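A short write-up of the structure that comes next.
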Amino acid sequence: MRDTFVKTLLDIAKKDKNVYIVTGDLGFGVLKPFWDELPEQIINAGIAEQNMTSIAAGLAMQGKVVYTYSIGNFPTLRCIEQIRNDCAYHSANVKVVCVGGGFVYGSLGMSHHATEDLAIMRALPDVTVVAPGDLVEAAEATKAIYTTPGTCYLRLGRGGEKQIHNKIDDFKIGKAIKIKTGKNVAVFSTGAIFDEVDEACHELEKEGITPTVYTFPTVKPIDKDTIIECAKEHKAIITVEEHNLSGGFGSAVAEVLAEADDVKAKLVRVALDDRYSCIVGSQKYLRKQYGIDAQAVIAKVKENY
Amino acid sequence: MKSEQLAWLIRRHGIEMTHLSHGSHIASILSVADIVAVLYNDIANISPENLNDENRDRIVLSKGHAGAAIYAALAEKSFFDVEELKTHYADGSRLSGHVSHKGIPGVEISTGSLGHGACMACGIALNAKINKKPYYTYAIVGDGECDEGSIWEMALFANQFKLNQFVVIVDHNKMQSLDYCENTLSLAPFAKKWEAFGWNVFDIDGHNHDELKKALNDAKQSLDKPTVIIANTVKGKGVSFMESDILWHYRFPHEGEEYDGALNELHASMPNGVVDPYEEAKK
């Protein structure tokens, strides 16, 4: 996913000399294609995320489109006030890019688990929050935030994500993407955990269980229409995210449902149970450990089908 | 107008604005007044006519709490109506206590949380370097603000990228919110710290306009280093009972002897050719 991002951004930046990457000294190997081709358009701000983000805001206010780049919580939580005051309040064209949303860096320990970022970024006015679910969504999201004015957050996985969509014809910020039409239960997924949802659906299909499935590459603004429509036509909505329960994608869906008229669907959130992980392990292992893997999705679908 | 006259007017407006609004930070406004006056009057190429010119110089008040000094300077320089200064802090006003850029011509960016403006200014200066633009970026930073780690991140960055058109002016009044800097997080040896970070350093009297002008002009000789001007100032400068007294970081000049006393002192030091705008209004 990170390679897709860099490749897509490189194409954009070749055509638009105002596009810059400012990295917080991360992206070894990953940023190399960009560095090799456009060394004038990439800046290493060092291990100094606060200054990196303010520098990006300063550059953006002079007309540049600036992508800040780092991993885990470093481009977001470490410098959240810079994103709030310097980027969002100034409507600065800064695109905050995180590689490693969720348990991507599972073995590196709690510091590297990005599991509250969606909630925190979503709480900021004038910040668009995007979490692509596969390589095609990642490419589309990278293009979409380039043309979306103001501050955006792009939450990526790392590498090894599948390509699940063949192509997406009409990618729009704020619009969910229908993967399949089913019945009784609608599964909503955001971010790279779409892998698990996809795997769950294949398993369920063998048993003749066919839920409706959507991906939500945009967490903010959330696609209210799709949520309400599905809530009217299904018994239950199951949200899936590699993120904490509090304030994340499931919460965004809950907010819409709580204020909607005439919807009966129950909401079930598959997310981290409001905790940090002191256990380490691969992304796959930790998803299983914390009940956010394909098996968890299968169980929730069956319970509510 | 001479910079000494503008500095006096900034102080006069500062007293009036904080008096009317019961606003804080009068001592910081008095401390920074000469720096602001010299920048707007003699150094920076910025005027109501060139606000959209990408080659204009940029001034960023990183110590946003002294915002009244910037508003006063801008109003006196005809960026907006002097009359509006009276709305500082008021319900529905755009003149927030910490400097705001929204709808206020001449203010580049909003600040208030310390350690932000200087870094954004550094980004603005980087833009000049990248695009080979002639403009200078001036960031006015507090000494207490230098407690913030981001200031030193910025100091490393500006040196690394050889931002020679970037000038930081530290309003070194030796005091912060609760106490003297020295009793809080000592900055000494302050000039040497900046030198060690690779900066071109001027250590001057921040109330002496000739020294300020000389340092700001000499900064333009720098070919490969950012410049810091450590402007040694007195917090509350110009009103003796406010000088170097921590009380006046937050206290406003109350009706009666505080307000009257402050005005008497200002009037006693009024430069030739200045008219007190508030006396004038009463007539």
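The values are calculated or read from the model by the stated rules, or taken from the named source; none is laboratory data. All values reported here derive from a predicted model rather than from experimental measurement. Cβ coordinates were reconstructed from backbone atoms using ideal geometry, including for glycine residues, and neighbour counts include every protein chain displayed.
Residues in the stretch A:11-51 that are on the phi > 0 side of the Ramachandran plot and more than 14 Å from chain B (Cβ to nearest Cβ) were compared, and the one that is nearest to the chain's Cα centre (by Cα) is A:27. Scanning the stretch A:65-93 for residues that are at the interface with another protein chain (Cβ under 7 Å from one of its Cβ atoms) and either assigned to a loop (DSSP other than H, G, I, E, B) or in contact with a Pro (Cβ under 9 Å, 6 or more places away or on another chain) (or both) yields A:89, A:90.
Taking residue A:96, is it assigned to a strand (DSSP E or B), more than 14 Å from chain B (Cβ to nearest Cβ) and in contact (Cβ under 8 Å) with a residue 12 or more places away in the chain? For residue A:96, the condition - assigned to a strand (DSSP E or B), more than 14 Å from chain B (Cβ to nearest Cβ) and in contact (Cβ under 8 Å) with a residue 12 or more places away in the chain - is met. When you scan the stretch A:193-305 for strands (runs of 3 or more DSSP E) that lie fully inside it, which ones turn up with 2 or more residues that are touching a His at 6+ places or on another chain (Cβ under 7 Å)? Where strands (runs of 3 or more DSSP E) fall fully within the stretch A:193-305 and carry at least 2 residues being touching a His at 6+ places or on another chain (Cβ under 7 Å), they are A:266-272.
Please note which helices (runs of 4 or more DSSP H) are completely contained in the stretch A:1-61 and include at least 2 residues that are of a type in the set (Lys, Arg).
Details: elements: A:2-15, A:32-37, A:49-60.
Once the helices (runs of 4 or more DSSP H) in the stretch A:1-61 are filtered for at least 2 residues that are of a type in the set (Lys, Arg), what remains is A:2-15.
Does residue B:139 satisfy the condition of being buried (at least 24 other Cβ atoms within 10 Å of the Cβ), of a type outside the set (Phe, Trp, Tyr) and touching a Cys at 6+ places or on another chain (Cβ under 6 Å)? Spelling it out, it is not the case that residue B:139 is buried (at least 24 other Cβ atoms within 10 Å of the Cβ), of a type outside the set (Phe, Trp, Tyr) and touching a Cys at 6+ places or on another chain (Cβ under 6 Å). The set of residues in the stretch B:116-125 being at the interface with chain A (Cβ under 7 Å from one of its Cβ atoms) and either in contact with a helix residue (DSSP H, G or I) (Cβ under 6 Å, 6 or more places away or on another chain) or over 18 Å from residue B:164 (Cα atoms) (or both) consists of B:116, B:119, B:120, B:122, B:123, B:124.
Of the set (1) outside the structural domain of residue A:257 (by TED's automatic domain parsing); (2) at positive phi, all apply to residue A:110 but (2).
With respect to residue A:147, is the statement that it is of a type in the set (Ser, Thr, Tyr) and without any contact (Cβ under 8 Å) to a residue 12 or more places away in the chain true? Before you say what the answer is, go through the steps one by one.
Working: of a type in the set (Ser, Thr, Tyr): yes; without any contact (Cβ under 8 Å) to a residue 12 or more places away in the chain: yes.
Taking the combined requirement at face value, the residue satisfies it.
Any chance you could count how many residues in the stretch A:104-118 are closer than 23 Å to residue A:222 by Cβ and surrounded by 20 or more Cβ atoms within 10 Å (Cβ to Cβ)? Result for the stretch A:104-118: 4. The set of residues in the stretch B:95-110 being within 8 Å of chain A (Cβ to nearest Cβ) and modelled with pLDDT of 95 or more consists of B:108, B:109, B:110.
When residue A:135 is tested against the conditions (1) in contact with an Asp or Glu (Cβ under 8 Å, 6 or more places away or on another chain); (2) closer than 15 Å to residue A:157 by Cβ; (3) buried (at least 24 other Cβ atoms within 10 Å of the Cβ), the lone failure is (3). The set of residues from the stretch B:126-165 being more than 8 Å from chain A (Cβ to nearest Cβ), assigned to a helix (DSSP H, G or I), of a type in the set (D, E, K, R) and out of contact with any strand residue (DSSP E or B) (no Cβ under 9 Å at 6 or more places or on another chain) comprises just one member, B:147.
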